[in-house]
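Since the structure comes first, as structure tokens, the remarks are kept for the end.
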Amino acid sequence: GAIVDIDAEQLRHYPFVYMIEVGQMMLTEPEAEILRNYLLNGGFIMVDDFWGSEEWAGFYQAFKMIFPNREPEELPIEHEIFHSVFQLKVKPQIPSVGHALEGRSQGITYEWDKPDSETVHYKGVFDDKRRMMMMICHNTDLGDGWEEEGTDPWYFREFSEKYAYPLGINIIFYALTH
């Protein structure tokens, strides 16, 4: 992995970019243009780990700078991205490890301190030929499932092993083969 700035020269070396905690993302017009060109020229961005309506509004404002005339589309469970390597039967909500452990006894997997975070959303953004350029993972935190697998055995079994790893592999495989 590498930390990459919103810079055309840097981005052109990476076909897959992972962005997290985008709820307060702020872009300049030149940065929005760089991201738009990156995506329209074959790049793929996975957006993850932002929760609730407030963070969605912040991200959406930045998104509309990138694509003023496009809208993210909710992906149905039947979409190929959920079945490209591993067959997922649900669109999983992966909580942060802290929220998972606190909400375990009640079965809560969302961030209760962020309004409208109860329902997970997986959205795609497509070019004119229907190639997915961006996958938006809202009200979920696949990254915690990847990085916190050693924190708690229950969390590993219930979120990392069952959902975060399989879906992450599916997304990367799909992005790099389409």
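The calculated pair-distance distribution of region 65-152 uses every alpha carbon pair, bins of 10 angstrom beginning at 0, and gives 15, 40, 32, 12, 1 percent. Applying a threshold of 20 Å to the alpha-carbon distances of 89/123; 89/129; 89/162 flags 89/129 as lying beyond it. Roughly what % of Cα-Cα distances in region 8-89 sit above 20 Å, to the whole percent? Considering region 8-89, 41 percent of its Cα-Cα pairs are separated by more than 20 Å.
Label zone (residue 157, point 7 Å along Cα-to-C-beta; backbone nitrogen cut-off 18 Å) within region 69-96: 95. Residue by residue, region 50-56 carries 3J(HN,Hα) couplings of 9, 10, x, 5, 5, 5, 4 Hz when phi is fed to the Karplus relation 6.51 cos²θ - 1.76 cosθ + 1.60 (θ = phi - 60°); x denotes Gly or Pro.
Surface composition of the chain: carbon plus sulfur atoms hold 53% of the accessible area, using a 1.4 angstrom probe and ignoring ligands, DNA and RNA.
Mean projected area of the Cα convex hull of the chain, taken over all directions, amounts to 10.1 nm².
Rolling a 1.4 Å probe across the protein heavy atoms gives region 15-81 an accessible surface of 51 Å² per residue. For residue 71 and residue 8, a Förster radius of 30 Å and the Cβ-Cβ distance give a FRET efficiency of 0.75, rounded to the nearest 0.05. Between region 62-129 and region 9-50, the C-alpha centres lie 18 angstrom from each other.
Among the trypsin sites (Lys or Arg not before Pro) found in region 71-178, those both in a DSSP coil and sparsely packed, with 15 or fewer other Cβ atoms within 10 Å of their Cβ, are 89, 129, 130, 131. Residues whose amide H lies under 5 Å from that of residue 19, counting only those 5 or more places away or on a different chain, are 46, 47, 48; hydrogens are built 1.01 Å from N in the peptide plane. Converting phi to 3J(HN,Hα) with the Karplus coefficients 6.51, -1.76 and 1.60 and the offset θ = phi - 60°, region 167-178 yields 5, x, 4, 4, 5, 5, 4, 4, 4, 7, 10, 10 Hz in sequence order, with x at every glycine or proline.
A simple rule links phi to the HN-Hα coupling: the Karplus curve 6.51 cos²θ - 1.76 cosθ + 1.60 with θ = phi - 60°, which for region 14-30 gives 10, x, 10, 10, 10, 10, 10, 6, 8, x, 10, 5, 10, 10, 8, 4, x Hz, with x for Gly and Pro.
The values are calculated or read from the model by the stated rules, or taken from the named source; none is laboratory data. Source: prediction; values computed, not measured. Methodologically, a virtual Cβ is constructed for each residue, glycine included, from the backbone with ideal geometry; neighbour enumeration extends over all protein chains shown. The area values use the complete protein model at the heavy-atom level, side chains included, leaving out ligands, DNA and RNA. Shrake-Rupley method; radii C 1.70, N 1.55, O 1.52, S 1.80 Å.
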